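Q: There's a structure below that I have some questions on.
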Amino acid sequence: MSAARAGSVLYSETGGAGEDGADAAPLVMLHGWGLNLRVFDGLRAALGAGQRVTAIDLPGHGRSAWMAQASPQQQLACLAAVLPRGAALVGWSLGGQLALQLASQPALAVRRLVLIATSARFVRADDWPHGIAAATLRAFAARLERDAGQTVADFLELQARGSADAAAVLASLQLSLQQHGAAAPEALRAGLALLEHNDLRALARRIDIPALVIAGQYDRVTPPQAARSLVQLMPRARLLQIGRAGHAPFVSHPTQVGAALLEFIHDDSRQRPSAEPQLTP
């Protein structure tokens, strides 16, 4: 496994042999709010050594530096600068929203998109009932200012809730922070601001590449209804719902998610996949 190049603003790790041939797309993983690339360790192991994978710490998370005074657009540009052209992007939660935005950039030529526990809009609206109330998110942000450590800990517990083995999922999420580092307070604040203001519904309609949207059946953060609605927005998306999973189905069910991911990224079919959900027990 190789780490990020010296001097790079964003820390990343790359492993796996990859496949020869022009059709082999590099696989890049983007984690969610408050976590780091260690959360993907189980999924990367499930994918096997034959799949070349790069996982990236988002700005201010894990071992990536926070870029003070950088706008959200500049932060996104920093991510775009380290992405290989023609990648298959895997984004979880906030990382999924970032992956959607990156996939809209023609210069990156993103070939496939996997969105895990991702919503086009995190906050509820009159025409989008699948999110949380803005007031609830602002109260969460206020708690973050008073006690960041406890707020992140509570969020980890919420992400694990609903999983078949919630205690094991929570322990895995906690271990990723212990081993690889917590997010900077500035990055946490900026991430919450993105979640409050992002509305990617119009953008999702323009993402005309194969997409797999993965939802946890009992996700308490991003409800499965948000995933279903996201699939309906995207021209070439299909839904996979993982039974007895919460907000981190790739942690609770790495083998099932890994198998689905490999099948999807190596599928040469040009036909639009079905939007009907597939339920995995």
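The values are calculated or read from the model by the stated rules, or taken from the named source; none is laboratory data. Bear in mind the structure is a predicted one, so any value in this text is a computation, not a measurement. Methodologically, a virtual Cβ is constructed for each residue, glycine included, from the backbone with ideal geometry; neighbour enumeration extends over all protein chains shown.
Q: Would you please list the contacts, defined by Cβ atoms under 9 Å and residues six or more apart or on different chains, that run from a residue in region 253-268 that is surrounded by fewer than 19 Cβ atoms within 10 Å (Cβ to Cβ) to a residue that is in a loop (DSSP other than H, G, I, E, B) and among the acidic types (Asp, Glu)?
A: Listed by first residue and then by second, the contacts come to His266/Glu19; His266/Asp23; Asp268/Asp23.
Q: Considering every residue within region 211-234, establish whether at least one is without any contact (Cβ under 8 Å) to a residue 40 or more places away in the chain, surrounded by fewer than 18 Cβ atoms within 10 Å (Cβ to Cβ) and either among the polar types (S, T, N, Q) or under 17 Å from Ala103 (Cα atoms) (or both).
A: Scanning region 211-234, I find no residue that is without any contact (Cβ under 8 Å) to a residue 40 or more places away in the chain, surrounded by fewer than 18 Cβ atoms within 10 Å (Cβ to Cβ) and either among the polar types (S, T, N, Q) or under 17 Å from Ala103 (Cα atoms) (or both), so the answer is no.
Q: Could you tell me whether any residue of region 199-207 is touching a residue at least 24 places away in the same chain (Cβ under 8 Å) and over 17 Å from Asp127 (Cα atoms)?
A: yes
Q: Consider Ile209 carefully, then state whether it is modelled with pLDDT of 95 or more, touching a Leu at 6+ places or on another chain (Cβ under 8 Å) and assigned to a loop (DSSP other than H, G, I, E, B).
A: Yes.
Q: When Asp57 is evaluated against the numbered criteria (1) of a type in the set (Asp, Glu); (2) over 15 Å from the mean Cα position of the chain (by Cα); (3) at pLDDT 95 or above, which criterion, by number, is the only one it fails?
A: (2)
Q: Ala134 - would you say it is in contact with a helix residue (DSSP H, G or I) (Cβ under 7 Å, 6 or more places away or on another chain) and surrounded by fewer than 16 Cβ atoms within 10 Å (Cβ to Cβ)?
A: yes
Q: Moving to a separate point now. Would you please name the residue that is nearest to Arg244 (Cα to Cα), looking only at residues in region 117-136 that are out of contact with any strand residue (DSSP E or B) (no Cβ under 9 Å at 6 or more places or on another chain) and assigned to a loop (DSSP other than H, G, I, E, B)?
A: By that ranking, first place goes to His130.
Q: For region 190-201, give me the residue count where each residue is surrounded by fewer than 16 Cβ atoms within 10 Å (Cβ to Cβ) and more than 18 Å from His130 (Cβ to Cβ).
A: 1
Q: Further question on the same structure: May I ask you to verify whether Asp41 is acidic (Asp, Glu) and over 15 Å from Val257 (Cβ atoms)?
A: So Asp41 fails the test.
Q: Residue by residue through region 105-127, note down the ones that are closer than 20 Å to Ile214 by Cβ and out of contact with any Pro (no Cβ under 9 Å at 6 or more places or on another chain).
A: Listed by number, the residues that qualify are Val110, Val114, Leu115, Thr118, Ala120, Arg121, Phe122.
Q: I've got another one for you. Report, by residue number, each residue of region 166-189 that is surrounded by fewer than 20 Cβ atoms within 10 Å (Cβ to Cβ) and either at pLDDT below 95 or not in a loop (DSSP other than H, G, I, E, B) (or both). Even if it seems obvious, please write down each step before you answer.
A: Pass one, region 166-189, residues surrounded by fewer than 20 Cβ atoms within 10 Å (Cβ to Cβ): 166-168, 171, 174-175, 178-182, 184-186, 189.
Within region 166-189, Ala166, Ala167, Ala168, Ala171, Gln174, Leu175, Gln178, Gln179, His180, Pro185, Glu186, Arg189 qualify.
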